[in-house]
1. Looking at the stretch 132-146, which of its residues are open to solvent by 30 Å² or more (accessible area, probe 1.4 Å) and touching a residue at least 24 places away in the same chain (Cβ under 8 Å)?
2. I'd like to verify a number: residues in the stretch 343-359 that are open to solvent by 40 Å² or more (accessible area, probe 1.4 Å) and part of a helix (DSSP H, G or I), how many?
3. Quick check on residue 384: is it more than 22 Å from residue 479 (Cα to Cα) and modelled with pLDDT under 90?
4. Within the stretch 306-322, can you find the residues that are closer than 23 Å to residue 377 by Cβ and either of a type in the set (D, E, K, R) or open to solvent by 10 Å² or more (accessible area, probe 1.4 Å) (or both)?
5. Restricting attention to the stretch 421-443, which residues are surrounded by 15 or more Cβ atoms within 10 Å (Cβ to Cβ) and under 19 Å from residue 371 (Cβ atoms)?
6. Could you check the stretch 444-471 and list, in sequence order, the residues that are open to solvent by less than 30 Å² (accessible area, probe 1.4 Å) and within 40 Å of the chain's Cα centre (by Cα)?
7. Quick one: residue 218 ticks every box in (1) open to solvent by 70 Å² or more (accessible area, probe 1.4 Å); (2) at pLDDT 85 or above bar one, so which box is it?
8. Could you check residue 405 against (1) within 19 Å of residue 469 (Cα to Cα); (2) modelled with pLDDT of 95 or more and say which number it fails?
Amino acid sequence: MVTATGDMTARVVHAPTESKTGCSRSSGLSPFKPHFFHQPHNEDYNNNKSKSQRAERERERELFSRDCCSGRDSSLHLLFRLPAWRKDGEGKLECGVHALDLEISPKDGILGGGVDKLELKKMIEELDLCDVPSVFICPISLEPMEDPVTLCTGQTYERSNILKWFSLGHLTCPTTMQELWDDSITPNRTLLLLTYRWFSQRYLQMKKRSEDVQGRVIELLDTLKRVKGQARVQTLKELRQVVVTHSSAKKTVVDEGGVALVSSLLGPFTSHAVGSEVIGILVNLTLDSESKTNLMQPAKISVMVDMLNEGTIDTKINCTRIIEMLMDEKDFRSEIVSSFSLLVGLLRLVKDKRYPNGVSAGLCLLRTICSYDQVRSLVVSIGAVSLLVELLPCLNSDCLESALFILDALSTLPEGRVALKDCPQTIPNAVKLLMKISESCTQYAISILWQVCKLAPEECASLAVEAGLAAKLLLVIQSDCNPVLKQRSSELLKLCSHNYTATIFISKCRLTRTIQ
């Protein structure tokens, strides 16, 4: 029998062995008056309990007796009528933060006919709830139970989990660690039914909300075709909020042709208010190839670039994300991002340390852009090298990898190498990052140092050694990094040693100074 308390915990207790007459062997009570409803009829009890409370208890006894006679599961009835539960004026039983609506909860599942375990599994997967009552959670897997079984200790587990526990040779209860005097398991049908009803109720509520959201999305799309001006901005804001909040709304927008409708609002005369809302909607949708091709039109790209330079920080981030989405398309042309205005806007976003999310988004897009050889020279010409080198000490690990990747890509150009050499912080900042963040960062930093030192060995190699490069390279060579990186470190170490005698260079390789 499952019992519950006010904090939604539950346990299974075994009823006393029944005799042939149906009465409990442990007490002389009538089978229609269970011991947990029995109260001693003495003077204290009559004085402490009001008439209304006694009348309510009598009604519960009658209901329990009727359930027993009709063959219904009285334990399920009792669970919903425990005194610790509180019934409000709307017919709901409340317990802690959970409330079961007894009037609308499904009586036999969604489709009727008892518990369908496959249907229960589907509901659990689709709902993916984080507020499931602990009574429905398996203590082993901490997941909702689809086939609960009870041990002789009274603890309930998911069947597959407890059988696996037994297969490992354990003869104890996982929760209490008591030795089991009986290794049999009993299906807990009452708890299974309660689990099914609880998930069924929430599944139906989710489906109803989903239908309401779909209807609202269709209504907003229809409104968007008719309105203009401030009404259009307001409609777009509401549509954006619905799309961000409800995952089902995204599919509805796509299925109802909303992508083409919203994209059509981007044009030469689009205001920033409309454009920012349109980009905010599109960036949350899954765009197909046709939609991306449509967004690559020069007029639409021009609007995005303008908002990247003059919009709010959220709008700027959304613009970088939508452009990055377009660059994933196989038909994307590098000419689209070969825009001075676009690159300047990106550098402004990266330079603004007040918004770490903006720095990360700008570096991600700039990294993707630098994968096109045709655009790299333009990136160098707008001063990206010196800006990124100065930012290196201030960036987090993810942003550092993107910034070093960009600098490494720019170092393949002659003008990029010259810009790196002319920046006084290039060598010290790159040396500090060796063996500090990740192997990828170390690889990019060594590649940058190699290009700079190779360009001006006498000048740059000496600066690198004084900054502690020799000792760091020895660490790289002795580490477990990939052989290519070790080979490049050996070559760079050899290049740096040309300006020193053996004795002096060995003294430069001492690790004590570098570690300090």
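1. Filtering the stretch 132-146 for residues open to solvent by 30 Å² or more (accessible area, probe 1.4 Å) gives 134, 137, 139-143, 146.
134, 139, 140, 146 - these are the residues of the stretch 132-146 that are open to solvent by 30 Å² or more (accessible area, probe 1.4 Å) and touching a residue at least 24 places away in the same chain (Cβ under 8 Å).
2. Counting residues in the stretch 343-359 that are open to solvent by 40 Å² or more (accessible area, probe 1.4 Å) and part of a helix (DSSP H, G or I) gives 4.
3. Details: more than 22 Å from residue 479 (Cα to Cα): yes; modelled with pLDDT under 90: no.
Judged against the criteria, residue 384 is not a match.
4. Step one: filter the stretch 306-322 for residues closer than 23 Å to residue 377 by Cβ, giving 308-309, 320.
If the condition is that a residue be closer than 23 Å to residue 377 by Cβ and either of a type in the set (D, E, K, R) or open to solvent by 10 Å² or more (accessible area, probe 1.4 Å) (or both), then 309 is the only one that fits.
5. If the condition is that a residue be surrounded by 15 or more Cβ atoms within 10 Å (Cβ to Cβ) and under 19 Å from residue 371 (Cβ atoms), then 441, 443 are the ones that fit.
6. Restricting attention to the stretch 444-471, the residues satisfying the condition of being open to solvent by less than 30 Å² (accessible area, probe 1.4 Å) are 445-449, 452-453, 456, 460-461, 464-465, 468-471.
Answer for the stretch 444-471, where residues must be open to solvent by less than 30 Å² (accessible area, probe 1.4 Å) and within 40 Å of the chain's Cα centre (by Cα): 445, 446, 447, 448, 449.
7. (1)
8. So the condition that residue 405 fails would be (1).
The values are calculated or read from the model by the stated rules, or taken from the named source; none is laboratory data. Values in this document were obtained by computation on a predicted structure and should not be read as measured data. In this analysis, Cβ positions are derived from the backbone assuming ideal geometry, glycine residues included, and neighbour counts consider all displayed protein chains. Calculation scope for accessible area: heavy atoms of the full protein, side chains included, ligands and nucleic acids excluded. Shrake-Rupley method; radii C 1.70, N 1.55, O 1.52, S 1.80 Å.
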